[in-house]
Amino acid sequence: MARLGRRPRHGFGDDGTLPPPPDVRLSNNGRRRKPPGKLAIAWTVLWTLVLFGVSVGWFVTSAVTLPYRAGWAGTPGVASSVRCAAVGTDEDKSVDCFASFTSADGATFVPYVGIEGHTDFRDADHAARLHPDGRTISVVDARTVLFTLAAMAGALVPIVLLGSLGYFSSSNFVRRRLGMPMRPAKRRLKVTLLVATVAGMSALGLVIAGAVVGG
């Protein structure tokens, strides 16, 4: 017991050691920060999944069309009599282009096929590849290949960032639930940022190269 008339010596006397101060985070104005609510967490997770799905779809779509634009797949031939028309409203207007396709061996002729991807191919014949559906062609051009590779590299940036964020968050949640110690994520964070930076710079370089080739 502490002696009368004397204040207890916290941390050294009979009162024992003091508990550690609570981990309270303060905002810029000195007020206590409130943890995010369940609704905010749910919205964050939902939009993260949506953006991740859009990025994956963007990457897969570009990867699927790349062999045709590079001339590696499809029926080789020539696209001629290219015709383009504006479709849609003023807020969502786009240009659709169509052409006639003749295969290289002359065995296949399709008088009306759609041109996927870039549409700046008017008034000239272009090397093209007919898709297996028989209704779509891809123009074989260095510019389209560069822009496709740029799209794939650009899609990798959110895929890497969001995928790593989801992995780190779920891993920390599971380890916290199981009472396991947290692993330092500085090294993995550096690798993630490095990969995302390289992908972003590659996308920018490919876009510039495509613009130079097109010019």
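Values computed for the structure shown
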| item | result |
| --- | --- |
| Whole-percent carbon and sulfur share, accessible surface of the stretch 41-183, 1.4 Å | 63 percent |
| THR89 versus LEU194: modelled label distance in nm, points set 7 Å from Cα along the beta carbon direction | 5.0 nm |
| By average C-beta atoms within 10 angstrom, highest first, the peptides 193-201, 69-77 | 69-77, 193-201 |
| Cα centroid separation, the stretch 68-115 to the stretch 133-209 (Å) | 31 Å |
| Highest to lowest packing among 131-142, 43-54, scored as the average C-beta count within 10 Å | 131-142, 43-54 |
| Estimated inter-spin distance, LEU178 and THR61, nm [label 7 Å along Cα→Cβ] | 3.9 nm |
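The values are calculated or read from the model by the stated rules, or taken from the named source; none is laboratory data. These figures come from a predicted structure and were not determined experimentally. Reconstructed Cβ throughout: ideal geometry from the backbone, glycine too, with neighbour counts over all protein chains shown. For the accessible areas, the whole protein counts, side chains as well, though only heavy atoms, and no ligand, DNA or RNA atoms are used. Shrake-Rupley method; radii C 1.70, N 1.55, O 1.52, S 1.80 Å.
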